[in-house]
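Working notes for the structure below.
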Amino acid sequence: MDYIDLFLIHDPFSGKERRLETWRALIKARDEGKIRSIGVSNYSILHLEEIKKADLELPVVNQLEIHPFCQQRPIVEWCRNHRVFVQAYCPLLRGQRWDNDLLVALSQKYNKSVPQILVRWSLQAGYSPLPKSTRAERIMSNARIFDFEIEIQDMVQLELLDIGDQGAVSWNPTYAP
(Lines give C-alpha, C1' and ligand atoms only; values in the text may rest on other atoms or scores of the structure.)
Protein backbone atom coordinates (compact mmCIF):
# COMPACT_ATOMS: atom_id res chain seq x y z
CA MET A 1 0.00 0.00 0.00
CA ASP A 2 1.45 3.35 -1.06
CA TYR A 3 -0.85 5.61 0.93
CA ILE A 4 -4.03 5.73 2.99
CA ASP A 5 -6.89 7.44 1.16
CA LEU A 6 -8.70 8.90 4.19
CA PHE A 7 -7.59 8.81 7.82
CA LEU A 8 -9.93 9.98 10.57
CA ILE A 9 -9.39 10.67 14.25
CA HIS A 10 -12.20 8.50 15.58
CA ASP A 11 -13.28 10.51 18.61
CA PRO A 12 -12.32 13.57 20.67
CA PHE A 13 -11.78 11.77 24.00
CA SER A 14 -8.00 12.22 24.22
CA GLY A 15 -8.13 15.84 25.45
CA LYS A 16 -7.19 19.10 23.75
CA GLU A 17 -3.38 18.74 23.73
CA ARG A 18 -3.42 15.15 22.46
CA ARG A 19 -6.07 16.03 19.84
CA LEU A 20 -3.90 18.86 18.49
CA GLU A 21 -0.75 16.74 18.64
CA THR A 22 -2.51 13.98 16.70
CA TRP A 23 -3.88 16.46 14.18
CA ARG A 24 -0.39 17.89 13.56
CA ALA A 25 0.93 14.35 13.04
CA LEU A 26 -1.79 13.66 10.48
CA ILE A 27 -0.98 16.88 8.61
CA LYS A 28 2.67 15.83 8.53
CA ALA A 29 1.83 12.32 7.30
CA ARG A 30 -0.44 13.82 4.62
CA ASP A 31 2.29 16.26 3.55
CA GLU A 32 4.72 13.32 3.29
CA GLY A 33 2.31 11.53 0.95
CA LYS A 34 1.40 8.77 3.39
CA ILE A 35 -2.23 9.90 3.64
CA ARG A 36 -4.28 11.55 0.91
CA SER A 37 -7.01 13.17 3.06
CA ILE A 38 -7.41 13.73 6.79
CA GLY A 39 -10.49 14.20 8.88
CA VAL A 40 -12.22 13.67 12.18
CA SER A 41 -15.19 11.82 13.56
CA ASN A 42 -17.56 12.94 16.28
CA TYR A 43 -15.95 16.37 16.64
CA SER A 44 -18.10 19.16 18.03
CA ILE A 45 -17.78 22.85 17.26
CA LEU A 46 -15.53 23.14 20.34
CA HIS A 47 -13.12 20.52 18.98
CA LEU A 48 -13.12 22.01 15.49
CA GLU A 49 -12.54 25.50 16.89
CA GLU A 50 -9.48 24.18 18.77
CA ILE A 51 -7.95 23.24 15.43
CA LYS A 52 -8.86 26.58 13.92
CA LYS A 53 -7.54 28.59 16.89
CA ALA A 54 -4.26 26.63 16.73
CA ASP A 55 -3.96 28.05 13.20
CA LEU A 56 -4.01 24.59 11.67
CA GLU A 57 -5.87 23.62 8.55
CA LEU A 58 -9.31 22.19 9.13
CA PRO A 59 -10.31 18.58 8.45
CA VAL A 60 -11.74 17.75 5.05
CA VAL A 61 -14.45 15.66 6.69
CA ASN A 62 -16.26 15.29 10.00
CA GLN A 63 -18.07 11.97 10.35
CA LEU A 64 -21.15 12.31 12.56
CA GLU A 65 -24.25 10.35 13.45
CA ILE A 66 -26.80 11.98 11.16
CA HIS A 67 -30.32 10.85 10.28
CA PRO A 68 -33.78 12.45 10.48
CA PHE A 69 -34.02 11.90 14.25
CA CYS A 70 -30.53 13.25 15.07
CA GLN A 71 -29.52 15.99 12.64
CA GLN A 72 -26.87 17.77 14.75
CA ARG A 73 -27.70 21.05 13.02
CA PRO A 74 -25.26 23.40 14.84
CA ILE A 75 -22.25 21.17 14.06
CA VAL A 76 -23.41 20.61 10.49
CA GLU A 77 -23.89 24.36 9.96
CA TRP A 78 -20.39 25.06 11.34
CA CYS A 79 -18.89 22.41 9.08
CA ARG A 80 -20.66 23.72 6.00
CA ASN A 81 -19.65 27.31 6.78
CA HIS A 82 -16.02 26.17 7.08
CA ARG A 83 -16.01 23.80 4.10
CA VAL A 84 -15.74 20.63 6.17
CA PHE A 85 -17.68 17.85 4.45
CA VAL A 86 -20.09 15.88 6.64
CA GLN A 87 -20.30 12.11 6.38
CA ALA A 88 -23.37 10.58 8.00
CA TYR A 89 -22.96 7.37 9.93
CA CYS A 90 -25.91 5.37 11.27
CA PRO A 91 -28.17 6.67 8.48
CA LEU A 92 -30.24 3.50 8.84
CA LEU A 93 -30.86 4.08 12.55
CA ARG A 94 -29.47 0.63 13.31
CA GLY A 95 -32.90 -0.67 12.39
CA GLN A 96 -34.61 1.38 15.08
CA ARG A 97 -37.69 3.55 14.45
CA TRP A 98 -38.34 1.94 11.07
CA ASP A 99 -41.97 1.69 12.17
CA ASN A 100 -42.26 5.48 12.44
CA ASP A 101 -45.54 6.53 10.79
CA LEU A 102 -43.90 9.04 8.45
CA LEU A 103 -41.15 6.66 7.36
CA VAL A 104 -43.71 3.92 6.68
CA ALA A 105 -45.96 6.34 4.75
CA LEU A 106 -43.06 7.60 2.62
CA SER A 107 -41.91 4.04 2.00
CA GLN A 108 -45.38 3.26 0.63
CA LYS A 109 -45.66 6.53 -1.30
CA TYR A 110 -42.35 6.05 -3.13
CA ASN A 111 -42.56 2.25 -3.26
CA LYS A 112 -39.18 2.01 -1.54
CA SER A 113 -37.98 0.41 1.68
CA VAL A 114 -37.53 2.51 4.82
CA PRO A 115 -33.72 2.13 4.54
CA GLN A 116 -33.87 3.44 0.97
CA ILE A 117 -35.90 6.44 2.15
CA LEU A 118 -33.31 7.12 4.88
CA VAL A 119 -30.31 6.87 2.55
CA ARG A 120 -32.05 9.05 -0.05
CA TRP A 121 -32.90 11.65 2.61
CA SER A 122 -29.25 11.74 3.63
CA LEU A 123 -28.06 12.34 0.07
CA GLN A 124 -30.67 14.99 -0.65
CA ALA A 125 -29.82 16.73 2.62
CA GLY A 126 -26.23 17.03 1.39
CA TYR A 127 -24.53 14.26 3.35
CA SER A 128 -22.48 11.28 2.32
CA PRO A 129 -24.32 8.43 4.04
CA LEU A 130 -22.45 5.39 5.34
CA PRO A 131 -25.06 2.64 5.55
CA LYS A 132 -23.75 -0.50 7.21
CA SER A 133 -24.70 -4.02 6.25
CA THR A 134 -22.98 -7.36 5.90
CA ARG A 135 -25.66 -8.85 3.65
CA ALA A 136 -25.15 -8.46 -0.10
CA GLU A 137 -28.86 -8.07 -0.86
CA ARG A 138 -29.18 -5.20 1.64
CA ILE A 139 -26.08 -3.49 0.29
CA MET A 140 -27.54 -3.69 -3.23
CA SER A 141 -30.92 -2.44 -2.01
CA ASN A 142 -29.35 0.47 -0.15
CA ALA A 143 -27.67 1.51 -3.41
CA ARG A 144 -30.92 1.54 -5.40
CA ILE A 145 -31.85 5.08 -4.46
CA PHE A 146 -31.04 7.02 -7.62
CA ASP A 147 -34.29 6.31 -9.44
CA PHE A 148 -36.41 8.56 -7.24
CA GLU A 149 -36.27 11.85 -5.39
CA ILE A 150 -38.04 12.73 -2.16
CA GLU A 151 -40.36 15.69 -2.77
CA ILE A 152 -39.55 18.91 -0.92
CA GLN A 153 -42.63 18.77 1.32
CA ASP A 154 -41.63 15.25 2.38
CA MET A 155 -38.06 16.37 3.05
CA VAL A 156 -39.47 19.10 5.30
CA GLN A 157 -41.56 16.53 7.17
CA LEU A 158 -38.48 14.32 7.63
CA GLU A 159 -36.52 17.29 8.97
CA LEU A 160 -39.24 17.81 11.57
CA LEU A 161 -38.45 14.38 13.04
CA ASP A 162 -35.26 15.79 14.59
CA ILE A 163 -35.21 15.36 18.37
CA GLY A 164 -31.59 16.32 18.85
CA ASP A 165 -29.34 14.22 21.05
CA GLN A 166 -32.28 12.10 22.18
CA GLY A 167 -32.53 10.85 18.61
CA ALA A 168 -29.07 9.29 18.61
CA VAL A 169 -28.95 5.51 18.19
CA SER A 170 -25.20 5.23 18.74
CA TRP A 171 -22.72 6.82 21.09
CA ASN A 172 -22.44 10.55 20.59
CA PRO A 173 -19.10 11.74 21.99
CA THR A 174 -19.38 15.26 20.60
CA TYR A 175 -19.63 16.53 24.20
CA ALA A 176 -16.18 15.31 25.21
CA PRO A 177 -14.25 18.10 26.96
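The values are calculated or read from the model by the stated rules, or taken from the named source; none is laboratory data. Bear in mind that the values here come from a model prediction, so they are computed numbers and not experimental data. Methodologically, a virtual Cβ is constructed for each residue, glycine included, from the backbone with ideal geometry; neighbour enumeration extends over all protein chains shown. Accessible surface is based on the protein model in full, side chains and every heavy atom, while ligands, DNA and RNA are left aside. Shrake-Rupley method; radii C 1.70, N 1.55, O 1.52, S 1.80 Å.
Key figures
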quantity: The chain: angle of helix 16-31 to the longest principal axis, Cα-based, in degrees nearest 10; calculated: 90 degrees
quantity: The stretch 68-177: chymotrypsin sites (Phe, Trp or Tyr not before Pro) falling in loop per DSSP and having at most 15 other Cβ within 10 Å; calculated: 146, 148, 171
quantity: Cβ charges +1 (Lys, Arg) and -1 (Asp, Glu), total dipole of the stretch 84-177, debye; calculated: 440 debye
quantity: Calculated from backbone phi, Karplus (6.51, -1.76, 1.60) coupling profile of the stretch 101-118 in Hz, x at Gly/Pro; calculated: 3, 5, 4, 5, 4, 5, 4, 5, 4, 9, 6, 10, 6, 4, x, 5, 4, 5
quantity: Fraction of antiparallel bridges per DSSP, the stretch 57-177 only, in percent to nearest 5; calculated: 10 percent
quantity: Total formal charge among the other residues, if their Cβ is under 13 angstrom from that of residue 171, Lys/Arg +1 and Asp/Glu -1; calculated: -2
quantity: Kirkwood Rh in Å, taken over the stretch 104-177 so that all alpha-carbon pairs contribute; calculated: 13.8 Å
quantity: ³J(HN,Hα), Karplus 6.51/-1.76/1.60, whole Hz, each residue of the stretch 82-94, x for Gly, Pro; calculated: 10, 6, 9, 6, 9, 9, 9, 9, 6, x, 9, 6, 6
quantity: Cβ charges +1 (Lys, Arg) and -1 (Asp, Glu), total dipole of the chain, debye; calculated: 340 debye
quantity: Principal axis dimensions, the chain - Cα atoms, whole angstrom, descending; calculated: 50, 36, 25
quantity: Whole-Å semi-axes of the stretch 68-116's equivalent ellipsoid (Cα gyration tensor); calculated: 27, 11, 10
quantity: Radius, Kirkwood style, for the stretch 4-53 when every pair of distinct Cα atoms is counted (Å); calculated: 11.0 Å
quantity: Residue-normalised accessible area of the chain, given per residue in Å² at a 1.4 Å probe; calculated: 55 Å²
quantity: Extreme residue, positive dipole direction of the stretch 65-143, given options 115, 143, 75 (C-beta unit charges); calculated: 143
quantity: Amide H contacts under 5 Å for residue 9, placed H, 5+ residues apart; calculated: 39, 40, 41
quantity: Proximal lysines to residue 53, defined as alpha-carbon separation beneath 23 angstrom and excluding residues fewer than eight positions away on the same chain; calculated: 16, 28
quantity: Carbon/sulfur fraction of accessible area - the chain, other protein chains in place, 1.4 Å, %; calculated: 53 percent
quantity: Overall form of the stretch 122-162 per C-alpha gyration tensor (a/c, 1.5; a/b vs b/c); calculated: prolate
quantity: Extension reserve of the residue 102-residue 170 stretch, reckoned as 0.36 nm per residue once the Cα distance is removed; calculated: 22.3 nm
